[in-house]
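Working notes for the structure below.
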Amino acid sequence: MPWRLLRFALNKKHPEPRMFTFHEKLKSSYDVVIIGAGGHGLAAAYYLAKEHGITNVCVLEKGYIGGGNTGRNTTIIRSNYLTPEGVKFYDESVKLWQDLSTDFDLNLFYANRGHFTLAHTDSALRTMRWRAEVNKHYGVNSEVVGPEVVKEAAPMIDLSCAGHAPILGALYHAPGSVARHDAVAWGYGRGADQRGVEIHQQTEVLGIDVQAGKVKGVKTSRGYISTGKVLCAVAGSTPRILKMVDVKTPLYIHPLQAMVSEPIKPWLDPILVSGSLHVYISQSARGELVMGASLDPYELHGTRSTLDFVEGLSTHMLEMFPFLSGVKVMRQWAGMADMTPDFAPIMGKTPVEGFYLDSGWGTWGFKATPVCGKTMAHTLVNDTPHPLITGFSMDRFRNYALTGEKGAASVGH
Amino acid sequence: MKILTCPLNGPRPVSEFFYWGEVRPMPNPSLASDDEWADYVFNRNGAPGVKKEWWCHTPSNTWFIAERDTEKDVVLKTYFYQGEE
């Protein structure tokens, strides 16, 4: 055993710096309280401190850092969306991603792999062309490719998909990447922590004190905090918080499940998505196949997993890659996805003054982590929505002006 | 939840059923204001709790109501629609 380690083992006061500072008590007031220490909440705290110099900020977390959808997604980063609002927004996010490891001085294992969205029908191919044109117009690298390009990128694929869903082409998005999701929350958390932001884990929000339409404070399981600004970034728990401030939204919660296989030799470089077969797959740096499908078919506020999901997903996976029949599934899990009717998020101000929302991130929130943090920090400081998120305001429903992003949902949710 | 009891066909695997959301009274379209109508069309009670929901047993096309705890995923009872209460 190295001497250094032994010294720590015998010393009760470990002098080695921890990743996050532990705070014994909550202060009685903060300039900003952020609910949810996932990627989005911590990113907002990070940019508040780094770009706006606001450090009297507290991040409250019921569980542990990055334990919600930040640690439950399938880590895909892309910007090949369908609406101009979406493309511009996600493109900014992809640009931020590329510098994050350097920013944090922490290796996020950001790996640029290329991303194929497979088309099995003429109508799917038409949507791909549409997406490619919108993308190119905004300077995002996307193009429609033929089946031979797919075969070259993933030689093990059965292009006929067991004969009943032949691949006609694909939307190829070269910037498509994967990153280690836990490290994203840790990087933002540590960066915020070093700048003076307090992160309080195991601290549940029990109520929000609203007086005359304004936020006055937050009741937590560890006492009352007074504050004038609250950011809610809690994904699947958003409706519970909205109930406390009596704000109505279209958000509804369905679980989204995923699974990984045992580690196998590297054979799949790109990320593949098939909307028709309800499959997305990539191979992690550890060799595990990271796989997901579509949403569970009914509302549920829990994270249970089902055998139906594994059976369904495996069936379709084997249609694409028959050689995987002997590979074992290692584990499966679920996250609670906060869905919206138009598959775009709900971000920005709410009817309650001082209560800001970063929600509706359903099944597409991980890739948006950096840009959400940045735009929400801007929105909190200026009390007006950042120009990139004006298309995502909650007023759009009342005005019947939806931001139809459905064509770009990676799987037909 | 793996098995759901259809009021007509008895207990069946949940994969035979289709979920159609919470039972919500529709405001009169010709009397409702634009805001009321938008509220009905878009807004949902997304918070967990015991909810009355529309379900359909697809092989027999039987529509009915299930009272379900959406946090525990437990169905308390199922019955046919009895009209507005």
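Read the figures in this text as sums done on the coordinates, not as results from a lab. Bear in mind that the values here come from a model prediction, so they are computed numbers and not experimental data. Here the Cβ is made from the backbone with ideal geometry for all residues, glycine too, and neighbour counts use every protein chain on show.
Listed values, structure above:
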quantity: Fluctuation leader among B:Ala66, B:Ala38, B:Ala47 - chain B, Gaussian network, Cα springs under 10 angstrom; calculated: B:Ala38
quantity: Sum of side-chain charges, B:Thr78 neighbourhood, beta-carbon under 10 Å (Lys, Arg +1; Asp, Glu -1); calculated: 0
quantity: Cα pair distances in segment A:179-264, grouped into 5 Å bins until the bin that holds the longest one, percent each; calculated: 3, 10, 15, 18, 18, 16, 11, 5, 2, 2, 1, 0
quantity: Charge sum, other residues only, whose C-beta stays under 12 Å from B:Met26's C-beta, Lys/Arg counted +1 and Asp/Glu -1; calculated: -2
quantity: Derived scalar couplings ³J(HN,Hα) [segment A:208-217; Karplus, 6.51 cos²θ - 1.76 cosθ + 1.60; whole Hz; x for Gly, Pro]; calculated: 10, 8, 10, 10, 6, x, 10, 6, 10, x
quantity: Euclidean distance of C-alpha centroids, segment A:128-164 and segment A:242-292, integer Å; calculated: 20 Å
quantity: For chain A, alpha-carbon Rg relative to the globular expectation (2.2 N^0.38 Å, N residues); calculated: 1.00
quantity: GNM top mover of A:Lys27, A:Lys12, A:Lys50 - chain A, alpha-carbon springs below 10 Å; calculated: A:Lys12
quantity: Dipole in debye (nearest 20) - chain B, about Cα centre, beta carbon charges: Lys, Arg +1; Asp, Glu -1; calculated: 500 debye
quantity: Sorted by Cβ density within 10 Å, fewest first, the residues A:Thr363, A:Thr340, A:Thr390, A:Thr384; calculated: A:Thr384, A:Thr390, A:Thr363, A:Thr340
quantity: Taking A:Val150, A:Val218 and counting other C-beta atoms within 10 Å, the order from fewest to most; calculated: A:Val150, A:Val218
quantity: Acute angle (nearest 10 degrees) that the helix A:39-52 long axis makes with the longest principal axis of chain A, alpha-carbon atoms; calculated: 60 degrees
quantity: For residues of A:293-304, the mean tally of beta carbons on other chains within 10 Å; calculated: 5
quantity: Spin-label proximity, A:Thr21 to segment A:185-222 - amide N less than 16 Å from point 7 Å beyond Cα toward beta carbon; calculated: A:189-201
quantity: Ranked B:Ser33, A:Ser177, criterion: other C-beta atoms within 10 Å, fewest first; calculated: B:Ser33, A:Ser177
quantity: Computed FRET value (nearest 0.05) for A:Asn399 with B:Trp20, which takes r as the C-beta separation and R₀ as 22 Å; calculated: 0.25
quantity: Pairwise centroid distance, computed over Cα atoms, of segment A:71-98 with segment B:37-85, Å; calculated: 35 Å
quantity: From phi via Karplus (6.51, -1.76, 1.60), per-residue ³J(HN,Hα) for segment A:134-144 in Hz, x at Gly/Pro; calculated: 4, 4, 4, 4, 9, x, 9, 7, 9, 8, 8
